[in-house]
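The values are calculated or read from the model by the stated rules, or taken from the named source; none is laboratory data. Being a predicted model, the structure only gives us computed values, none of them experimental. Cβ: placed from backbone, ideal geometry, glycine included. Neighbour counts: every protein chain shown. Heavy atoms of the whole protein, side chains included, go into the accessibility calculation; ligands, DNA and RNA do not. Shrake-Rupley method; radii C 1.70, N 1.55, O 1.52, S 1.80 Å.
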Amino acid sequence: MTRIFALFAAVTMAVTTMSAQHTPLFPPTKLAELEGPDRDAWQRPDRIMDELAIGERSVVADLGAGGGWFTVHLAARVGPHGRVYAEDIQPEMLQAIKRRVQRLGLPNVEPRLGTSVDPRLPRGSLDAALIVDTYNEIEQPVTLLRNLATSLKPNGRIGIVNSRKDGGGPGPPMEERIDPDRVISDANRAGLTLQSRGDFLRYQYLLIFVAARK
């Protein structure tokens with residue numbers, strides 16, 4: 001009986017852990033909350049793009065792009081001869097992005113509807129991909145990262161920006177924030193290796209991954 005109880009407890013704990021690996025998707029009705037007037041100061045988009053070596057003519061992806069705040073910064077950086085795939089799994093978010101890029105006149109942005117496990121981006125096309133503060137919403141991070149990796153060029157990079165548990169400031173509740181070690185473990189299982197880590201952000205950390213050498 002003791003052994004059966006222990007097995008039941010272990011299974012219950014495993015199921016609980018699995019279900020806690022992602023949180024509900026950010027609602028489109030609250031997009032304004034993501035774009036406070038001080039976001040440029042604490043998010044430091046230019047420094048993040050520098051770390052990912054994003055420049056003119058780069059082809060990049062903004063995963064979980066939301067209302068397109070970072071998408072617009074990427075579009076300005078890559079210029080008219082570059083391309084930005086603004087990916088999200090919520091059609092309402094993509095509609096918001098379409099309105100935004102049309103208003104700003106950014107023909108180098110292409111909205112893309114992905115799924116919870118596959119961003120559905122062209123294979124071998126990306127110089128860099130960026131996931132900003134949406135990692136906690138990903139249902140199956142290993143599967144998604146593995147599929148995303150197929151879209152990288154040979155020297156392509158994936159940058160993941162998350163809110164620190166000790167960082168305070170804007171971002172998801174503390175209990176929903178994810179330790180960098182867990183992200184690194186997921187990425188390793190997806191066939192990626194950590195290239196560099198940036199701790200220059202006030203409230204967040206940046207992890208940059210590349211495909212593991214075979």
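At a Förster radius of 25 Å, what calculated FRET efficiency corresponds to the Cβ-Cβ distance of Arg120 and Asp166, to the nearest 0.05?
0.10
Students often get this wrong: which residues of the range 34-65 have the backbone nitrogen under 17 Å from the point 7 angstrom along Cα-to-C-beta of Glu176?
The answer is 34-36, 64-65.
From the Cα gyration tensor of the range 76-214, with a ≥ b ≥ c the square roots of its eigenvalues, which class applies: rounded if a/c is under 1.5, or else prolate if a/b is larger than b/c, or else oblate? Working shown, then result.
Working: a/c = 1.59, a/b = 1.21, b/c = 1.31.
Note, shape of the range 76-214 comes out oblate.
How much solvent-accessible surface does Thr134 expose, in Å² to the nearest 10, with a 1.4 Å probe and all protein chains in place?
The accessible area comes out at roughly 20 Å².
Roughly what % of Cα-Cα distances in the range 61-127 sit above 14 Å, to the whole percent?
On the way: 1118 of 2211 pairs.
Percent of Cα pairs beyond 14 Å in the range 61-127: 51.
How far is it, in nm, from the label point at Arg189 to the one at Glu56 when both lie 7 Å from their Cα along the line to the Cβ?
4.3 nm
Please list, in chain and number order, the residues 5+ apart from Ile138 or on another chain whose amide H is under 5 Å from its amide H, with Hs placed from the backbone.
Counting only residues 5 or more places away or on other chains, the set is Thr23.
Provide the descending list of Cα extents for the range 92-140 along its principal axes, expressed in whole angstroms.
34, 26, 17
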